[in-house]
Amino acid sequence: MYLVARATTIMARKEWVCAWDETPGDCGKLSKETFTELWITCFGLLEVADCCLLELGSNYVILGKFQTDSLEARFDQYRQLSGGECNISLRQIYESDKKLLLLSTLKLKLKDKEITLANFDFE
């Protein structure tokens, strides 16, 4: 019952976003890119729920688990360790991954001062 209510809410939001986008004028409307992403998200969540419930035979679906926050956080770490560039190479990803692995395994403290990447020379 709860799942049906949540799916109905998502479907209603998708329809509302579509109706809002079709209103005349530009004032108070989403950009075309934002509208497309929002529509894809709503439609995608409904498709994932349908697939899990009907085709895979699941009893329930936790839609909040379908997210990319951890992936985005990891990419942000790679980007920051590569000088803040958005387009990083595979080599930079490997180097950043080594640095993050080193930090997670060492977890050292030196006179109440935590060791950071600045303490290491990787060149």
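Read the figures in this text as sums done on the coordinates, not as results from a lab. Just so it is clear, the model here is predicted, and its values are computed rather than measured. Note that we place each Cβ from the backbone using ideal geometry, even for glycine, and neighbour counts take in every protein chain shown.
Apply 1/(1 + (r/R0)^6) to the Cβ-Cβ distance of residue 59 and residue 85, taking R0 = 41 Å, and write down the FRET efficiency to the nearest 0.05. In this case the efficiency is close to 0.35.
Annotation note: GluC sites (Glu not before Pro) in region 1-106 located in DSSP loop regions with a Cβ neighbour count of at most 10 within 10 Å are 22. Placing +1 on the Cβ of every Lys and Arg and -1 on the Cβ of every Asp and Glu, with no other charges, gives region 2-65 a dipole of roughly 240 debye about its Cα centre. State log₁₀ I(q)/I(0) for region 2-65 at q = 0.16, 0.17, 0.22 Å⁻¹ as given by the Debye formula over alpha-carbon point scatterers of equal weight, solvent excluded. Reported log10 I(q)/I(0), two decimals: -0.58, -0.63, -0.89.
One Cα centroid belongs to region 22-53, the other to region 67-90; the line between them spans 26 Å. Computed from the Cβ-Cβ distance with R0 of 41 Å, the FRET efficiency linking residue 11 to residue 103 stands at 0.40. Each label point was placed 7 Å from the Cα along the Cα-to-Cβ direction; for residue 70 and residue 47 their separation is 2.4 nm.
Excluding residue 40 itself, calculate the net charge of residues whose Cβ lies under 12 Å from the Cβ of residue 40, where each Lys or Arg counts +1 and each Asp or Glu counts -1. It works out to a net charge of -2.
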